[in-house]
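See below for the structure under consideration.
Derivation of every value follows stated rules applied to the coordinates shown; laboratory data play no part. Only a predicted model underlies this, so the values are computations on that prediction, with no experimental measurement involved. In this analysis, Cβ positions are derived from the backbone assuming ideal geometry, glycine residues included, and neighbour counts consider all displayed protein chains.
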């Protein structure tokens, strides 16, 4: 089985406190040996590892569940930045 995936978004932006930046990569996997069919979201903060997110979402529930997770974490700034780009 071959892994088939497509990068939906790859971006970097400064955090709201101007203390570092977020690196974001969102990948849609059509076939993946480990993950199956899903949307994988990786958000990493370059100076604070606690401000990271690595989640997978079912394609039919993305981006709604992803946006809900950002709100739950209190990441409204990140939500604002990404909802404009998705």
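Before moving on, here are some points about what is shown:
- Label-point separation, residue 68 to residue 37 (7 Å along Cα→Cβ), nm: 2.1
- Computed over the chain: relative contact order in percent, which uses C-alpha pairs under 8 Å that are six or more apart: 22
- For the chain, the percent of C-alpha pairs falling in each 5 Å distance bin, counted from 0 to the bin holding the largest distance, reads 3, 14, 25, 26, 16, 10, 5, 2, 0.
- Label-point separation in nm, residue 58 to residue 18, each point 7 Å along Cα→Cβ: 4.4
- Computed over the chain with a Gaussian network model linking Cα atoms closer than 10 Å, the most mobile of 72, 13, 62 is 72.
- Among 35, 53, 17, residue whose mean-square fluctuation peaks in a GNM of the chain (springs only between Cα atoms under 10 Å): 17
- Using the Cβ-Cβ distance between residue 47 and residue 5 with R0 = 25 Å, the FRET efficiency computed as 1/(1 + (r/R0)^6) comes to roughly 0.30.
- Ranked for footprinting exposure by Cβ neighbours inside 10 Å, fewest first, 61, 18 give 18, 61.
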